[in-house]
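K.L.:
One structure follows; several queries about it will come next.
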Amino acid sequence: AQSVSQHNHHVILSEAASLELGCNYSYGGTVNLFWYVQYPGQHLQLLLKYFSGDPLVKGIKGFEAEFIKSKFSFNLRKPSVQWSDTAEYFCAVNGGSQGNLIFGKGTKLSVKP
Amino acid sequence: NAGVTQTPKFQVLKTGQSMTLQCAQDMNHEYMSWYRQDPGMGLRLIHYSVGAGITDQGEVPNGYNVSRSTTEDFPLRLLSAAPSQTSVYFCASSKGQGIVNTQYFGPGTRLTVL
């Protein structure tokens, strides 16, 4: 069965610090990978996605992620975080024919002003 | 387009009561799904549908029923609510059933079962 692991439960950073959130998945076939963000009290919004092609994917708000197939990883990065990036971040993978998403448990990011 | 809409936004039930969470999308998406979100658990798939008249179980289907009579609507029914069903419920939709699709989420329904 597919699974997604997010290594950090809660990350606390100061503004302007660099961010990297880890995500590993277990699925041997072709996968699509996603990062979603959930701001406090809001619903999930798509941050970025990887379907094929360039493994370095750029998303909204300065976020990017790199797909490393050999490591089954899809880590999220941002060079300089802002207070407004405080949110919960979910990695998700889709490797089945039905289109079902499997989510990681989420990483809560708190950015101190 | 309104996207994916969900009603109600908040609901409090007593144990044993029944209710239906509504979900609708106006993007003509074939695929729709329901997730529940619990602290520290991420989102877990309850039921999904790949088109009108077709539904299937996800990871945590027990205690929930669904139907898909139209492309637009995908209601989630709790027949006899239990405190373990206290959660935030998200409906999502995407264009097709293949893997190369992005899912769009509704605003969620926060359900409390006393």
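The values are calculated or read from the model by the stated rules, or taken from the named source; none is laboratory data. The structure presented is a predicted model; accordingly, all values stated were derived computationally and were not measured. Glycine gets a Cβ as well: all are built from the backbone with ideal geometry, and neighbour counts include every protein chain shown.
K.L.:
Checking the structure you have, find out if any residue of region B:66-87 is closer than 22 Å to A:S3 by Cα, assigned to a strand (DSSP E or B) and modelled with pLDDT of 90 or more.
P.N.:
yes
K.L.:
Further, regarding this structure: Which condition from (1) at pLDDT below 95; (2) farther than 14 Å from B:G42 by Cα; (3) surrounded by 13 or more Cβ atoms within 10 Å (Cβ to Cβ) is the one that A:I102 breaks?
P.N.:
The single condition A:I102 does not satisfy is (2).
K.L.:
So in region B:62-77, with the set limited to residues that are more than 19 Å from B:K95 (Cβ to Cβ) and within 11 Å of the chain's Cα centre (by Cα), which one is farthest from the other protein chains (Cβ to nearest Cβ)?
P.N.:
That would be B:R77.
K.L.:
Has region B:33-49 got at least one residue that is assigned to a loop (DSSP other than H, G, I, E, B) and of a type in the set (S, T, Y)?
P.N.:
No, every residue in region B:33-49 fails to be assigned to a loop (DSSP other than H, G, I, E, B) and of a type in the set (S, T, Y).
K.L.:
Would you please name the residue that is nearest to the other protein chains (Cβ to nearest Cβ), looking only at residues in region A:14-35 that are of a type in the set (S, T, Y), in a loop (DSSP other than H, G, I, E, B) and more than 11 Å from A:Q2 (Cα to Cα)?
P.N.:
So the residue we want is A:T30.
K.L.:
Then there's this: Residue check: is B:V12 within 9 Å of chain A (Cβ to nearest Cβ), among the β-branched types (V, I, T) and not in a loop (DSSP other than H, G, I, E, B)?
P.N.:
Considered against the rule, which asks whether it is within 9 Å of chain A (Cβ to nearest Cβ), among the β-branched types (V, I, T) and not in a loop (DSSP other than H, G, I, E, B), B:V12 comes out as no.
K.L.:
Does region A:83-97 contain at least one residue that is without any contact (Cβ under 8 Å) to a residue 60 or more places away in the chain, in contact with a Ser or Thr (Cβ under 8 Å, 6 or more places away or on another chain) and under 20 Å from B:T102 (Cβ atoms)?
P.N.:
Looking through region A:83-97, at least one residue is without any contact (Cβ under 8 Å) to a residue 60 or more places away in the chain, in contact with a Ser or Thr (Cβ under 8 Å, 6 or more places away or on another chain) and under 20 Å from B:T102 (Cβ atoms).
K.L.:
If you don't mind, another one. Among the residues of region A:59-109, write down those that are of a type in the set (G, A, S), assigned to a strand (DSSP E or B), under 13 Å from A:V37 (Cα atoms) and away from chain B (no Cβ under 13 Å).
P.N.:
Selection gives A:A87 alone.
K.L.:
Now for a separate question. Being over 20 Å from A:G59 (Cα atoms), surrounded by fewer than 14 Cβ atoms within 10 Å (Cβ to Cβ) and at pLDDT 90 or above is the filter here, so list the residues in region A:9-39 that pass it.
P.N.:
Answer for region A:9-39, where residues must be over 20 Å from A:G59 (Cα atoms), surrounded by fewer than 14 Cβ atoms within 10 Å (Cβ to Cβ) and at pLDDT 90 or above: A:H9, A:H10, A:I12, A:S14.
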